[in-house]
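Following: one structure in structure tokens, then a few remarks.
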Amino acid sequence: KIKDPKADGSPLTMADLAANDIICSSLKKLYPDIPIISEEIKNADYADRKDWKHFWCVDPLDGTKEFIKRNGEFTVNIGLCENGKPIAGVV
């Protein structure tokens, strides 16, 4: 179910938000000291986050249009960054 379009006009579904909630709440529980940057939440301003040593980078549903079409061409992406560079990730 489509909730709202994003600022760039791309769709935002209930699945985007549900996946984001599950992923982010799990990461916060397991790694409470590592902040999260996610496509689906308001993120800290760059001035605040530019000096973060570590952060999670989350795109809970990359390819929402494909997800809506049910063609299987979408991914869930979670990455861990250190000093602004990816050091681990899962797709």
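The values are calculated or read from the model by the stated rules, or taken from the named source; none is laboratory data. If you're wondering where the values come from, they're calculated on a predicted model, not measured in any experiment. Heads up, the Cβs are rebuilt from the backbone with ideal geometry, glycines too, and the neighbour counts pull from every protein chain shown. Only protein heavy atoms, including side chains, enter the accessible area calculation; ligands, DNA and RNA are left aside. Shrake-Rupley method; radii C 1.70, N 1.55, O 1.52, S 1.80 Å.
General observations
- Residues of segment 22-51 classified as closer than 20 Å to Thr64 by Cα and in contact with a Leu (Cβ under 9 Å, 6 or more places away or on another chain), total: 2
- A count restricted to segment 19-44 and to residues that are assigned to a helix (DSSP H, G or I), surrounded by 13 or more Cβ atoms within 10 Å (Cβ to Cβ) and free of Cβ contacts under 8 Å to residues at least 24 places away in the same chain stands at 2.
- Scanning segment 29-51 for residues that are in contact with a strand residue (DSSP E or B) (Cβ under 9 Å, 6 or more places away or on another chain) and within 22 Å of Thr75 (Cβ to Cβ) yields Tyr31, Ile34, Ile36, Ile37, Ser38, Glu39, Glu40, Ile41, Asn43.
- Every residue from segment 45-88 that is open to solvent by 60 Å² or more (accessible area, probe 1.4 Å), closer than 21 Å to Ile34 by Cα, free of Cβ contacts under 8 Å to residues at least 24 places away in the same chain and assigned to a strand (DSSP E or B): Lys85, Ile87
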